[in-house]
Amino acid sequence: MTATRYVAPGRSTALFNAAVAGLTRMGVSVWGSRVLAVRGRTSGQWRTTPVNLLTVDGERYLVAPRGVTQWVRNIRVAGEAELRVGRRVERIRVTELADDEKPAVLRAYLKRWKFEIGVFFDGVDASADDETLLGIAPGYPVFRIG
């Protein structure tokens, strides 16, 4: 796994994301969904995408199951963003986790959303041991909110 892993969205993923984003914009959070809004690193324009907000031991996280996506590149530069559900807007600051900090978060993410994102984890699931999760960690950016 490399730190530049990226899985482009297929047609079904794009349709699913559009449906979840639409519901979330209307104020209906689907299993913790939010619309992430982050300023483009070059354009400065707001860019939005649906994300799954994960809470583990009272800490909140954003995980990028498709790897180094555009939102990941943008949030790395900006360091801050907005999480939106309907009209509610929460401004956030993020810190990217080091690979050795990711296993518990990846396990929790897989446990909660495997039905939706499991295809991006190449057979790794929530029952994987820490060594396996550490092995894939570089390909899955994780950000702590706060």
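The values are calculated or read from the model by the stated rules, or taken from the named source; none is laboratory data. Just so we're clear, the structure is a prediction, and the values are computed from it rather than from any experiment. Neighbour counts are summed over all protein chains in view; Cβ atoms, including those assigned to glycine, are modelled from backbone coordinates with ideal geometry.
Of PHE115, PHE143, which residue is outside any helix (DSSP H, G or I) and aromatic (Phe, Trp, Tyr)?
Just a single option satisfies the conditions, and that option is PHE143.
Could you run through region 1-24 and say how many residues are more than 22 Å from ALA108 (Cβ to Cβ) and in contact with a strand residue (DSSP E or B) (Cβ under 6 Å, 6 or more places away or on another chain)?
Going through region 1-24 one residue at a time, the tally reaches 2.
Go through ILE92, ILE75 for me and flag whichever is modelled with pLDDT of 95 or more, part of a helix (DSSP H, G or I) and either exposed (fewer than 13 other Cβ atoms within 10 Å of the Cβ) or among the β-branched types (Val, Ile, Thr) (or both).
From the options ILE92, ILE75, the qualifying one is ILE75.
Considering only residues that are at negative phi and buried (at least 17 other Cβ atoms within 10 Å of the Cβ), which ones fall in region 61-72?
Correct list: TYR61, LEU62, VAL63, ALA64, PRO65, ARG66, VAL68, THR69, TRP71, VAL72.
From the list LEU133, LEU36, which one is in contact with a Phe, Trp or Tyr (Cβ under 8 Å, 6 or more places away or on another chain), within 22 Å of TYR6 (Cβ to Cβ) and in contact (Cβ under 8 Å) with a residue 24 or more places away in the chain?
Within the list LEU133, LEU36, the selection yields LEU36.
Going through region 108-141 one residue at a time, which ones are of a type in the set (D, E, K, R) and under 14 Å from the mean Cα position of the chain (by Cα)?
Listed by number, the residues that qualify are ARG112, LYS114, GLU116.
When you go through ALA3, ALA8, ALA37 one by one, which is the residue that is small (Gly, Ala, Ser), surrounded by 12 or more Cβ atoms within 10 Å (Cβ to Cβ) and at pLDDT below 90?
Only one candidate passes the filter, namely ALA3.
Looking at region 105-146, which of the residues that are surrounded by 15 or more Cβ atoms within 10 Å (Cβ to Cβ) and of a type in the set (Gly, Ala, Ser) is nearest to LEU53 (Cα to Cα)?
Restricting to residues being surrounded by 15 or more Cβ atoms within 10 Å (Cβ to Cβ) and of a type in the set (Gly, Ala, Ser), the top hit is ALA108.
Name the residue that is modelled with the highest pLDDT, counting only residues in region 40-66 that are of a type outside the set (A, V, I, L, M) and within 9 Å of the chain's Cα centre (by Cα).
Among them, the one singled out is TYR61.
For VAL105, are the conditions met, namely being touching a residue at least 12 places away in the same chain (Cβ under 8 Å) and over 14 Å from the mean Cα position of the chain (by Cα)?
Judged against the criteria, VAL105 is not a match.
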